[in-house]
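Trainee: Before anything else, here's the structure in question.
The values are calculated or read from the model by the stated rules, or taken from the named source; none is laboratory data. Here the structure is a predicted model, which means the values were calculated and not measured. Please note: Cβ atoms are built from the backbone with ideal geometry, for glycine as well, and neighbour counts cover all protein chains shown. Ligands, DNA and RNA are stripped out before the accessible areas are found, and what is left, the full protein with its side chains, is counted by its heavy atoms. Shrake-Rupley method; radii C 1.70, N 1.55, O 1.52, S 1.80 Å.
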Amino acid sequence: MPTEFFNREMAARYDERNSKLSPVSDCMHFLFRLVLEDLPPDARILSVGAGTGAEILSLSNAFPGWQFVAVDPSGPMLDVCRARLEDAGVMDRCEVVQGEVHDIADGDTFDAVLAIMVAHFIDREKRQRFYQASHARLRPGGFFVSTEISYDLASPEYPSMLENWGRIQSRMGATPDSLKTLPETLRNVLTVIAPDETENLWRDAGFARPICFFQALMARGWYAQKTG
């Protein structure tokens, strides 16, 4: 994940930018709360690429007995995350770690691993290792939940979808110049891959049955359980 992208300036305005898309994020949070609601009352959750802590705040409000570990490579983002968790009064249920999923000890396992709008920041050649590391840190029966920008950029539908994705970016503050470079950003700055390729990577990582539970334009989400 490009930590230079999530610098102190970006961290400070991250939540304000994302608030423009609250109808989408609220729906996403509602759905993954439903997916996870049968976890134990004392479930332990790992939030990978935790950012400013939005997912932890969403789940901690709904499940007061759950414990959380937030891991993110960006120190400035974790500073904001820690402050938000403290303000919400849930820091006593949380641990904050600077790093990536691989920095969580192999024997430290969880009832769920979340990676919300994270995977497209990970290079294609490192994506398989990311999914494998997430799988390894799940308890048997635990859930992996991941959302990302995912689309077939070679499909005939892509130009129309790109127009609408540009409207999303405009609402988040994109400039005309940045919109001109949006196709290049999706291909070469981010690592956007097609949904079927993502599902194949999940299977290769050990998730036998990835299930798509969310789509909003180019944002797509899956969950799967660890068997065995």
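Trainee: Which one is nearest to the chain's Cα centre (by Cα), of the residues in segment 190-228 that are among the charged types (D, E, K, R) and closer than 28 Å to Ile168 by Cα?
Mentor: In this case the residue turns out to be Arg220.
Trainee: Could I ask something else about it? Of the residues that make up segment 151-158, is at least one among the aromatic types (Phe, Trp, Tyr) and free of Cβ contacts under 8 Å to residues at least 40 places away in the same chain?
Mentor: yes
Trainee: May I pose another question? Filter segment 25-68 down to residues that are of a type in the set (Val, Ile, Thr) and more than 17 Å from Asp87 (Cα to Cα), then give me how many there are.
Mentor: The number of residues fulfilling the criteria is 3.
Trainee: Here are some conditions: (1) within 19 Å of Lys126 (Cα to Cα); (2) surrounded by 13 or more Cβ atoms within 10 Å (Cβ to Cβ). Asp196 meets all but one. Which one does it not meet?
Mentor: (2)
Trainee: Same structure again: Residues that are small (Gly, Ala, Ser), buried (at least 24 other Cβ atoms within 10 Å of the Cβ) and touching a strand residue (DSSP E or B) at 6+ places or on another chain (Cβ under 8 Å): does segment 52-68 have at least one?
Mentor: Yes, some residue in segment 52-68 is small (Gly, Ala, Ser), buried (at least 24 other Cβ atoms within 10 Å of the Cβ) and touching a strand residue (DSSP E or B) at 6+ places or on another chain (Cβ under 8 Å).
Trainee: While we're here: Restricting attention to segment 113-136, which residues are in contact with a Phe, Trp or Tyr (Cβ under 7 Å, 6 or more places away or on another chain) and aromatic (Phe, Trp, Tyr)?
Mentor: Tyr131
Trainee: Among the residues of segment 99-125, what is the count of those that are open to solvent by 50 Å² or more (accessible area, probe 1.4 Å) and either touching a strand residue (DSSP E or B) at 6+ places or on another chain (Cβ under 7 Å) or among the hydroxyl-bearing types (Ser, Thr, Tyr) (or both)? Spell out how you get there, then give the answer.
Mentor: Taking segment 99-125 and keeping what is open to solvent by 50 Å² or more (accessible area, probe 1.4 Å), we get 100, 102-103, 105-107, 117, 123-125.
Retained after the next criterion (residues that are either touching a strand residue (DSSP E or B) at 6+ places or on another chain (Cβ under 7 Å) or among the hydroxyl-bearing types (Ser, Thr, Tyr) (or both)): 100, 103, 117, 124.
Looking only at that region, the number is 4.
Trainee: Among the residues of segment 137-158, is there at least one that is closer than 18 Å to Ile122 by Cβ and at pLDDT below 95?
Mentor: no
Trainee: If you don't mind, there's one more thing I want to ask. Just to verify a result, which residue in segment 199-226, among those that are without any contact (Cβ under 8 Å) to a residue 12 or more places away in the chain and closer than 19 Å to Arg124 by Cα, is most open to solvent (accessible area, probe 1.4 Å)?
Mentor: Of segment 199-226, the ones without any contact (Cβ under 8 Å) to a residue 12 or more places away in the chain are 200, 203, 215.
Cutting the leftovers down to closer than 19 Å to Arg124 by Cα gives us 200, 203.
Values: Asn200: 79, Arg203: 107 Å².
If we take residues in segment 199-226 being without any contact (Cβ under 8 Å) to a residue 12 or more places away in the chain and closer than 19 Å to Arg124 by Cα, then Arg203 is most open to solvent (accessible area, probe 1.4 Å).
Trainee: Conditions first: (1) open to solvent by less than 50 Å² (accessible area, probe 1.4 Å); (2) without any contact (Cβ under 8 Å) to a residue 40 or more places away in the chain. His135 passes all but one, so which condition is the exception?
Mentor: Exception for His135: condition (2).
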